[in-house]
Structures are given as C-alpha cells and as structure tokens.
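*Asks:* Starting off with a structure, shown below.
The values are calculated or read from the model by the stated rules, or taken from the named source; none is laboratory data. Keep in mind the model is a prediction, meaning the values are calculated, not measured. A quick note on method: Cβ atoms are made from the backbone with ideal geometry, for glycine too, and the neighbour counts reach across all protein chains shown. What goes into the accessible areas is simple: the full protein's heavy atoms, side chains included, and nothing from ligands, DNA or RNA. Shrake-Rupley method; radii C 1.70, N 1.55, O 1.52, S 1.80 Å.
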Amino acid sequence: MSFINNLSMRGKLIALVLPALVALILFAAQSINETASELSSMQHVKEMVRLADIGDPVAEELQRERGRSAVFLSSDPGSEAARKATKALQAQRQATDRALSGYRANLRDVRSEADFDAAVRDSIERFTQDAGNLSALRQQVDDRALSLSESASQYTGLIMDIVDRIALLVRRTEDPELARQINAYFALAQAAEMSGRERAKGAGLIRSGNFNLPSVGQVTTLAGRQDAYLHTATTMLHSDGSVRAQIEGFASTQENRALASLRETLLSSPAGMYALEATDWFDVSTTRIDAMNDIRDAMLDQVEGQASQAVTQARNNLVIVSSIAAAAIALVIILM
C-alpha cells in the first residue's frame, strides 16, 4: 500500500511539474529561435560593415579620378595645362586600379564568409559590371568624346554604387543605437561625395576659364548640401561623443577654412575665378576631403565595434537560452 501511495504521489507531482516544464521548454525554444534570428541579423550587419570598409578606398580613388578627368577635359588640347593634367590623370588611374585590385581580393574573402541577401548581391554585381566598363570610360575621356557633365555622371554612377550600399545596411539594423551610428556614417559618406563633386565641378570651371552663373550656382549648391549632411550626422550622435566633436569642429579646421577662402574668391566675380588655379582648387579640396574621410573612418570604426559587441551579446544570449532549454529537457527526462 505504501509503495502504491508513493507512486500515486509521484504521479501527482509529475502531473503538476511536467506541464510547467513543457511550457518552459516551449518558451525556451521560442527564445532560442528569436535569439538565433537576432544573432543572424547582427552577423549580417557586421558583414555589411566589412563590405562598406573595403569599398570606401575605391570610392575615394574614383572621386579623385572624376576630378582629375574634369581638369583634363577642361584644358585646351596640346597646351601645357593639358600635358600636366594628363600626367596627373594617369597617375590617379593607377591609384584607382590598385584600389580596385585590393577591393576584388577583399571581396572574395568577404563573400566566402558571408551570405548576403539578394539586394546586396545585386549591388555587388552592379558595381562589378560598371567597373568593368571603366576602361571604355577612360578611353572616351582620353579621346575627349565626352562632355564634362557626361564624364562626371558616369563616374558618379560608379561611386554611388558603393555609397548606396550603406542605405541597405541601415535598413537591416534593428538595434536603435547602431542604426543611429550607421545613419551618421551614411550622412558623412554623402557629405564626402558632395565635396568630391564640388572638387570636380570647381576645378573644371576654373580650368575652362568660362565664368557662368549656372556652374557657379552648382558649386554653391554642393557646398550647401555638404553642410546639411554634416548637420544630419551631428544630430544622429550623442552630444558627448568624440566623433560628434570632430564633426562640430570641422568648420573651424584649417582644411575647411582654406577651401572656404578659395570658394569665396571663386564666387565673388569673374575676376576672382581668373585669379585661381585649377590645381590649387583640386589640391585644397582633396586635403579637405581627406580630413572629412578621417572623421568618416573613425565613425566606421565605431560602427564596426558596436556591431561586434552586438554579435557577441547575441551569441552569449543564445548560449544562455540554449542552456536553460537543455536543463529543462534534462529535468523532464529525469522525472520521467
């Protein structure tokens, strides 16, 4: 009788405890699924950050090549200015080719470790295809078969293939803080691109010697868009952040003041434009863009660190939830 009573009590205990344990297992399974999904999302973001990192040097060299091409196309054929522009353009093309070679090698490594979605794969393939047409674009520039605006448009299309990937990264970020940092980085990338367009436009305008209000207005517009993007980046970051302090202090830097002085001279009058040299405009603009890109690199390092922390945290959460589920299952087996 005592044995039967013990079995009955044990059965009642199991009947009470087992549903709770089953519910715990189901909850743990759901938590595992959600945590695994979060880990996959964070790993995808980290892979996208790596993709942005290897694409940045290519975009920067293409921006310089766009500007050098503008200077060449604006020079008189056979002139001393054209000879110097040709030499500078050839050197820049070599720098672009080195950046492209490094990008392709790094891309193979990234794609071997990452599983990008269709939108990212399309972006990669689009740039690969467009970059394959770079030789034809260069030949058209050499033959002066393109206008200044046509050349700039084709180079800009190549550059934006890379810059626009950051927008894909923003849409895949679920962590609010990380999303703000990526948005700030995207705004800095757009500011640098507007500055690159201003460099090309201004250098081409000065070298042409043709002071016209539409072109001057475009330079002014590009300067205004840079300020807007820098302001956007600032608002995305914490007030006590080091990168925000760099952005806020950028206006007072020597690099920015030097270009502001040239810009004021260019926009003042035809006489002001004729007092400038295209090479000076290009060099001063490049120095300023390099300073801007230093801030952007710091922002990308911050984003990469935040993404790595998010991946680590998600992985730890997955281990904890899985351990709880395993313990619950083991307890059920023991009771049975």
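*Asks:* Based on this model, can you work out whether residue 162 counts as among the β-branched types (Val, Ile, Thr) and within 29 Å of residue 280 (Cα to Cα)?
*Replies:* yes
*Asks:* Sticking with this structure for a sec: Consider residue 304 against the criteria (1) at pLDDT 85 or above; (2) surrounded by 14 or more Cβ atoms within 10 Å (Cβ to Cβ): it satisfies all of them except one. Which criterion is unmet?
*Replies:* Single failed check for residue 304: (1).
*Asks:* What are the residue pairs meeting all of these: first residue in segment 98-112, first residue within 11 Å of residue 47 (Cβ to Cβ), second residue surrounded by 16 or more Cβ atoms within 10 Å (Cβ to Cβ), Cβ atoms under 7 Å, and 6 or more apart or on different chains?
*Replies:* Short answer, once both residue conditions are applied: 110/47; 110/50; 110/51; 110/54.
*Asks:* Let me ask you something else. Mind telling me which of the residues 86, 96 ends up being in contact with a Phe, Trp or Tyr (Cβ under 8 Å, 6 or more places away or on another chain), farther than 30 Å from residue 313 by Cα, surrounded by 13 or more Cβ atoms within 10 Å (Cβ to Cβ) and of a type in the set (Ser, Thr, Tyr)?
*Replies:* 86
*Asks:* Could you tell me whether segment 204-219 includes any residue that is within 20 Å of the chain's Cα centre (by Cα) and either over 30 Å from residue 45 (Cβ atoms) or at pLDDT 95 or above (or both)?
*Replies:* Taking every residue of segment 204-219 in turn, none turns out to be within 20 Å of the chain's Cα centre (by Cα) and either over 30 Å from residue 45 (Cβ atoms) or at pLDDT 95 or above (or both).
*Asks:* Right, something else. Sort out which residues of segment 208-226 are open to solvent by 50 Å² or more (accessible area, probe 1.4 Å) and in contact with a Ser or Thr (Cβ under 6 Å, 6 or more places away or on another chain), and write them in order of number.
*Replies:* Matches in segment 208-226: 208 only.
*Asks:* Also: Give me the pairs: first residue in segment 208-231 and in contact (Cβ under 8 Å) with a residue 40 or more places away in the chain and closer than 18 Å to residue 285 by Cβ, second residue among the charged types (D, E, K, R) and open to solvent by 30 Å² or more (accessible area, probe 1.4 Å), beta-carbon distance under 8 Å, and six or more apart or on different chains, which are they?
*Replies:* Between residues of segment 208-231 that are in contact (Cβ under 8 Å) with a residue 40 or more places away in the chain and closer than 18 Å to residue 285 by Cβ and residues that are among the charged types (D, E, K, R) and open to solvent by 30 Å² or more (accessible area, probe 1.4 Å), the close pairs are 219/201; 219/263; 223/263.
*Asks:* Follow-up question, since we're still on this one. When segment 42-74 is examined, which residues are found to be free of Cβ contacts under 8 Å to residues at least 60 places away in the same chain and open to solvent by 30 Å² or more (accessible area, probe 1.4 Å)?
*Replies:* Selection gives 57, 61.
*Asks:* From the list 95, 82, 114, pick out the single residue that is touching an Asp or Glu at 6+ places or on another chain (Cβ under 9 Å), small (Gly, Ala, Ser) and at pLDDT 95 or above.
*Replies:* From the options 95, 82, 114, the qualifying one is 95.
*Asks:* Do we have residue 183 as at pLDDT 90 or above and either open to solvent by 30 Å² or more (accessible area, probe 1.4 Å) or more than 20 Å from residue 59 (Cα to Cα) (or both) here?
*Replies:* Considered against the rule, which asks whether it is at pLDDT 90 or above and either open to solvent by 30 Å² or more (accessible area, probe 1.4 Å) or more than 20 Å from residue 59 (Cα to Cα) (or both), residue 183 comes out as no.
Okay, residues lined up against (1) more than 26 Å from residue 96 (Cβ to Cβ); (2) open to solvent by 10 Å² or more (accessible area, probe 1.4 Å):
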position: 142; (1), (2): no, yes
position: 147; (1), (2): no, yes
position: 152; (1), (2): no, yes
position: 155; (1), (2): no, no
position: 171; (1), (2): yes, yes
position: 191; (1), (2): no, no
position: 203; (1), (2): no, no
position: 228; (1), (2): yes, yes
